[in-house]
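Report on the following structure.
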Amino acid sequence: MTKKGNFIEFMVKSNALIFGDFVAKSGRKTPYMINTGNFQTAKQIAILGEYYADCLNSNVDKSVNVLFGPAYKGIHLAVAASVALYNKYNRDISITFNRKEKKDHGEGGQIIGYIPQNNDRIAIIEDVITAGTAVRESINLLSNIADVKITNLIVSVDRLERGLSNKTTIQELNDDYGIQTNAIVTIEDILDYLHNREIDGKIVLDGIMKNTIEDHLNLHGVR
C-alpha cells in the first residue's frame with residue numbers, strides 16, 4: 001500500500017472522510033466532507049501529526065519558523081504537526097493560533113501562543129482547501145499583527161476546486177499572495193484509491209458516489 005493509500009484508509013477508519021450530502025464553509029454543496037475534528041484519540045492525533053510533519057519537511061523551506069493553526073480545527077493540527085516535526089526531524093518551530101473572537105480580559109488579544117514578529121516566515125496548517133475563504137481570513141489576521149511572510153499552506157486534502165475565479169484556489173493563493181500549497185492527498189487520489197475498494201469489509205466509495213463526486217468536480221473544479 002502506498003503512503004497516500006495509507007492516509008486515505010486512515011481517514012476513512014477514523015471517520016474523518018465521509019460521503020453524503022453536505023455544505024462546505026464556502027457555501028458549496030459537496031458530496032463528501034473532510035472532518036479532522038473526528039481524529040479523537042492520542043494515537044490518531046499522533047499519526048495525523050506525522051503525516052503533516054512529513055509533508056512539511058518535504059515541502060517547506062527551513063527558513064519557515066512559525067506554524068499557524070486557524071481556530072478551531074487548525075489548532076490541534078498545528079500542535080500535532082509541530083510535535084511530530086520535532087520528534088521525527090528535530091525541527092523546533094514556533095506555533096500560534098487564534099481565537100474566533102478577541103478576548104478583553106486576562107492577556108487579551110486574538111492570538112495565543114507565539115506572537116508573530118516582523119520578518120517571520122509562516123506556514124498555515126489547515127484540514128482542507130475548497131474556495132480558500134478561511135485561508136484568506138488567516139492571511140488578513142496575521143498581516144495585521146506584523147510584517148510577516150506567509151509562505152506555505154499545508155492541508156490534508158486538496159479538493160481541486162475553483163476559488164473566486166476560474167482558477168483553482170491553489171493558483172489564486174499563489175498569484176495573490178505567493179503561497180505554495182501542498183496537500184497530503186487530493187480528491188483525485190481518493191477517487192483512484194477508494195473506488196470499489198473494501199475497507200473493513202465495506203465499500204465506502206461505489207460507482208454511484210464516484211460519479212457524484214466527478215459531477216461535483218466538473219461543476220466546481222478546474223481539471
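What to note about this one:
- The trypsin sites (Lys or Arg not before Pro) of the stretch 35-77 that DSSP puts in a loop, and whose beta carbon has at most 13 other beta carbons within 10 Å, are Lys62.
- Each part reduced to its alpha carbon centroid, the stretch 147-223 and the stretch 51-65 end up 20 Å apart.
- For the stretch 5-100, DSSP calls about 55 percent of its internal beta bridges antiparallel.
- Projected label distance in nm at Ala71 and Asn118, using a 7 Å step from Cα toward the beta-carbon: 2.8 nm
- Crossing angle, helix 3-13 versus the chain [Cα axis fit, 0-90 degrees, rounded to tens]: 80 degrees
- Between Asp215 and Leu164, the contour length at 0.36 nm per residue exceeds the alpha carbon distance by 16.4 nm.
- Full-stretch length increase - Val83, Met33 - with 0.36 nm per residue and alpha-carbon distance subtracted: 15.4 nm
- Taking label points 7 Å from Cα along the Cα-to-Cβ direction, Asn144 and Lys25 give a separation of 1.6 nm.
- The chain: antiparallel DSSP beta bridges as a percent of all, rounded to 5: 40 percent
- Added length on full extension, which subtracts the Cα-Cα distance from 0.36 nm per residue, Asp206 to Asn59: 49.6 nm
- Note on Thr2 and Asp92: the model spin-label points, each 7 Å out from Cα along the C-beta direction, lie 3.7 nm apart.
- For Phe10, the shell of other residues with beta-carbons less than 15 Å away shows a net charge of -1, using +1 for Lys and Arg and -1 for Asp and Glu.
No value in this document is a laboratory result; all are computed from the given coordinates. Predicted model, so just to flag it, every value in this text is computed and none were measured. As a convention, Cβ positions derive from the backbone with ideal geometry for all residues, glycine included, and neighbour counts pool all protein chains shown.
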